[in-house]
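Any read-out appearing in this document is the output of simple, stated calculations on the displayed coordinates, not a laboratory observation. On a predicted model such as this, the values are computed, not experimentally measured, just so you know.
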Amino acid sequence: MYARMKRVVLATILAASVSPALAAGASNFTLVNGTGGALQQLSIRRAGAQDWRDLGAAPSPGARSAMNFSDPDCAFDIRANVPGAGPITWAGVNLCGAKSVILNRDGSAGAWVDYDQ
């Protein structure tokens, strides 16, 4: 009986500590252009969705820009047009709790994201 009560209390504490983070969704973040090149036509969509929406002006190489954004989901795809390379997509970007998202790109390694929490 004591062990069962202990598990119930532990489960309740875990649920209470996780729920607010999950319910918060994505909110404003800083976008860092770590690609080493220019980015144009910056857009975002829920991961796997069809409709892209404008995210605002892309920061210049090495710079950062504040992105005003709010959505109940966490996983997003970010796309930008890279001169000479065409559209590049950073897929499955987790924006829940992210303060800064660094977009990286390498001709041989592809596109990836780093997070600065």
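Taking amide H atoms as placed 1.01 Å from N in the peptide plane, the amide H of G25 has no partner under 5 Å among residues 5 or more positions away or on other chains. Entry for region 40-117 at q = 0.26 Å⁻¹: log10 I(q)/I(0) = -1.67, Debye formula applied to identical alpha-carbon scatterers, no solvent contribution.
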